[in-house]
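The values are calculated or read from the model by the stated rules, or taken from the named source; none is laboratory data. Keep in mind the model is a prediction, meaning the values are calculated, not measured. Here the Cβ positions follow ideal geometry from the backbone for every residue, glycine too, while neighbour counts run over all protein chains shown.
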Amino acid sequence: MGMLYLRGKTWWAKYYIAGHPVRRSCKTEKETVARKLLRHWEGNPHLALPTMDRVTVAGLLDAVVADQEAQGRRSVHHTRRHKADLCAYFTAERKAVSLSRADLDAYVVQRLGHGVSRGTIGRELAVLRRGFRLAIENNLVSRVPAFPTLKAGVRTGFVDEETYRRLHAALPDPYNDLLTVGFALGWRRGELLGLRWDQVDVAHGVARLEPGTTKTGEGREVYLGEFPALLDLFRRRHAAARALGIPWVFWRKRGRPATESALRHAWKKAKTALGLTLVPHDLRRSAVRNLERAGVPRSVSMKITGHASESIFRRYAITTPADTRPALAKVAALIGYTLGMAETVRAALGEPDAQVAAGTVAGTRGGRVASHDAHLRENAGGRRCQASDPAEAASTQFSEVTSETESEGGEQTEGNEP
């Protein structure tokens, strides 16, 4: 509950916001006017603090950049790019508190109209939301607008063996070798681009990522001795780098390290020439799928690729229609004969579509089963002519099929006994 008090002849108001006392001049000598102002300020917290809500959109985003720099976040360059896009739309000097849900929705529509993906827009809004949270913690704004929720599309692209060979032929050095390592180990492109020779023991065939240099902050170590093609690649590059005195595993002309922008440029040129829609991160997804296909335990696979949670790993373990073929073949071997017998009974009852299906199934089960099915249809046809009730005919035919199948199984069992 607020209160009024005089300073000289001017009324002042004292009230509380989030437990913090606020003192503010009403700039009037009339108590009735001051009391109305006090009620208005208490009922509208976003108008309550004279020192609040002066921060601009640029100020919010500057705070996010400074916070990430203090934490040593390597993604700070992405935040700077998102800041530029947000300030270009909302203007840098606009008061942050003036943003509403309608403004944010309009921003989403405008960015989608420019062909920006939902994932990118979601990350831009996440940076702005983080700025509001930092401002709330420092009492710089009194409210946070409601943010729209964007459901980004889940990528399903992956690199198969044929696509890998085509990309490897189209990419220049060193990005063709980087493609090979990414396809085999599933390491992130930032981890590969920053790899140095002091992290690779060529003699013993060991490559490691130091703690603090990965996204999760945990180090990793893989043994290349069991992967001859990969070990030969590292030995070849090490011999060339040692002759030139280059500390980087992947370098460009004049010994400069390979960069992400150069990788994106080379990748875009190669995929356009080949008519592909893949991105470099699809190599990581493909490596996960290869590990799953090879039967590597999931805990071991996560140690290789550096996934911190199994849920993300499962999301990357994508299957293709070709992956389901062996599974369906096993199911067909188990219950295929049963399904074929059901189609035979339907055909015996005179259903036209089932007769075609039964003929197809019978043709795939061998001459003995086909002749047996024909015999059943022949007997069933004769009995159907003798029966006056169709239901009784169907029951009789199904019983005969069952009894003959059981007797045939019994004969086979007796024949197998010693």
### Message
Regarding segment 104-117, can at least one residue be identified that is touching a His at 6+ places or on another chain (Cβ under 9 Å) and farther than 27 Å from Lys271 by Cα?
### Response
no
### Residue, nearest to the chain's Cα centre (by Cα), within segment 85-111, restricted to residues that are within 25 Å of Ser261 (Cβ to Cβ) and either touching a residue at least 60 places away in the same chain (Cβ under 8 Å) or surrounded by 13 or more Cβ atoms within 10 Å (Cβ to Cβ) (or both)
Arg111
### Message
Take the conditions touching a Lys or Arg at 6+ places or on another chain (Cβ under 8 Å) and farther than 23 Å from Ser301 by Cα and apply them to Ala135. Does it pass?
### Response
no
### Query
Mind checking which pairs have a first residue in segment 1-16 that is in contact (Cβ under 8 Å) with a residue 40 or more places away in the chain and a second that is surrounded by 12 or more Cβ atoms within 10 Å (Cβ to Cβ) and among the aliphatic types (A, V, I, L, M), Cβ under 6 Å, 6 or more apart or different chains?
Gly2/Ala13; Gly2/Leu38
### Message
Among the residues of segment 202-241, what is the count of those that are part of a helix (DSSP H, G or I), free of Cβ contacts under 8 Å to residues at least 40 places away in the same chain and of a type outside the set (Phe, Trp, Tyr)?
### Response
7
### Message
Exactly one of these conditions fails for Asp173: (1) assigned to a loop (DSSP other than H, G, I, E, B); (2) in contact (Cβ under 8 Å) with a residue 12 or more places away in the chain; (3) surrounded by 14 or more Cβ atoms within 10 Å (Cβ to Cβ). Give me its number.
### Response
(2)
### Query
Quick check: anything in segment 102-113 over 24 Å from Arg54 (Cβ atoms) and hydroxyl-bearing (Ser, Thr, Tyr)?
no
### Query
Only one of (1) part of a helix (DSSP H, G or I); (2) more than 20 Å from Tyr164 (Cα to Cα); (3) over 24 Å from the mean Cα position of the chain (by Cα); (4) of a type outside the set (S, T, N, Q) fails for Lys303. Which number is that?
(3)
### Message
I'd like the residue in segment 53-105 that is touching an Asp or Glu at 6+ places or on another chain (Cβ under 7 Å) and among the charged types (D, E, K, R) and, out of all such residues, is modelled with the lowest pLDDT.
### Response
Lys95
